[in-house]
Amino acid sequence: MSAPPVKRVSVPEFAGARGRGVKLVVVTAYDYTSAKLADEAGVDAILVGDSLGMVVQGHDTPLPVTLAQMQYHTACVVRGVKRALVVADLPFLTYQISPRQAVRSAGSMLKFAGAAAVKLEGGERMADAIAACVRADIPVMGHVGLTPQSVHRMGGFKVQRDADQLLKDARAVADAGAFALVVEGVPSDIAAAITAALSIPTIGIGAGPNCDGQVLVTHDLLGLFDGFRPKFVKRYADLGTATRTAISAYADEVRRGVFPAAEHEFR
Ligand code: KIV
């Protein structure tokens, strides 16, 4: 007898987490293998973040990431996932020009890459774009606070502290129809106020413990990325050191003629 099919986390189920009193767990993934591992670990959603511009492509910011690259990585992730909700980030300049452009870009992530939802950055200024996507049946996760695509306007990846504006932004995103909101890089009390003001779940990153869920970049939580280590990151493993150690051991055995051994040979 075959195993029963795994029930997928749907957008309404994710959005209704607060009513069930459960915390939402979100991680990023950019490829089949890491998405499969995260899914098997039981996360609620996998975000194909444009942070891949930094941790996969080696850029200083996510700005160079293209829509085609996001579609490619999202399709790889979707193939590895059986249960989690897959949310694809819209990269810089693929939704800011007009609501029409936002619908086209967001729709392509569902139509060609297999995501169930998209995420886009920005508050009040992005409300029209979010509403247009929602009208086209494209579920949208918002993202306010430290929005990495605005790195040049913000003068760096800086904690955002304008409580009034952050609340206005969060309300505008929720009123436009977003099903959840990422709150990044804001003081914990402001994140708590945003969470209290909204009926959709908030997903914090560098926003303290009072959000409805948390998201981390997988490379950060696994200790794979040394480039930049924000205060809010907790490392749950040191796979950077483990990887270097394993590859050094392999190199050493190849150089000494120990690998491949008899059991690795075809006879
Ligand atoms: O791009 C990304 O990975 C993100 C998360 C850090 C929220 O936007």
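The values are calculated or read from the model by the stated rules, or taken from the named source; none is laboratory data. Everything quoted here is computed from the prediction, not taken from an experiment. Because the Cβ atoms are built from the backbone with ideal geometry, glycine has one as well, and the counts that use them run over all protein chains shown.
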(message) Here is a list: T195, T243. Which entry is in a helix (DSSP H, G or I), surrounded by 18 or more Cβ atoms within 10 Å (Cβ to Cβ) and more than 17 Å from the chain's Cα centre (by Cα)?
(response) T195
(message) Given the condition assigned to a helix (DSSP H, G or I), at pLDDT 95 or above and within 16 Å of the ligand (Cβ to nearest atom), answer yes or no: does some residue in segment 132-147 qualify?
(response) no
(message) Being within 14 Å of the ligand (Cβ to nearest atom) and not hydrophobic (A, V, I, L, M, F, W, C) is the filter here; which residues of segment 96-131 pass it?
(response) K119, E121, G122
(request) Report, ordered by the first and then the second residue, all pairs with beta carbons closer than 9 Å, sequence separation of six or more or different chains, a first member in segment 135-163 that is charged (D, E, K, R), and a second member that is buried (at least 24 other Cβ atoms within 10 Å of the Cβ). (result) R161/V186
(request) Read through the list (1) of a type in the set (A, V, I, L, M); (2) free of Cβ contacts under 8 Å to residues at least 40 places away in the same chain; (3) assigned by TED's automatic domain parsing to the domain that holds S51; (4) not in a helix (DSSP H, G or I), then give the number of the only condition that I203 fails. (result) (2)
(request) Collect the residues in segment 31-83 that are within 13 Å of the ligand (Cβ to nearest atom), crowded, with 20+ Cβ neighbours inside 10 Å and β-branched (V, I, T), keeping them in residue-number order. (result) I46, V48, V55, V65, T74, V77
(message) Go through segment 196-235 and report how many residues are of a type outside the set (D, E) and away from the ligand (no atom under 16 Å from the Cβ).
(response) 7
(request) Look through D220, D164 and report the one residue that is out of contact with any helix residue (DSSP H, G or I) (no Cβ under 9 Å at 6 or more places or on another chain) and in a helix (DSSP H, G or I). (result) D164
(request) Of all residues in segment 1-41, count the ones that are closer than 19 Å to P201 by Cα, part of a loop (DSSP other than H, G, I, E, B) and among the small types (G, A, S). (result) 3
(message) Checking T195 against (1) over 18 Å from V26 (Cα atoms); (2) in contact with a Ser or Thr (Cβ under 6 Å, 6 or more places away or on another chain): exactly one of these is not met. Which one?
(response) (1)
(request) Collect the residues in segment 118-152 that are farther than 21 Å from L52 by Cα and surrounded by fewer than 21 Cβ atoms within 10 Å (Cβ to Cβ), keeping them in residue-number order. (result) E124, R125, D128, A131, V134, R135, A136, D137
(request) Identify the residue in segment 84-110 that is small (G, A, S) and outside any helix (DSSP H, G or I) and, among all such residues, is surrounded by the fewest Cβ atoms within 10 Å (Cβ to Cβ). (result) S98
(request) Return the pairs, sorted by first residue and then second, in which the second residue is away from the ligand (no atom under 12 Å from the Cβ) and not charged (D, E, K, R), the first residue lies in segment 50-72 and is at positive phi, the beta carbons are less than 9 Å apart, and the residues are 6+ apart or on different chains. (result) G58/G227
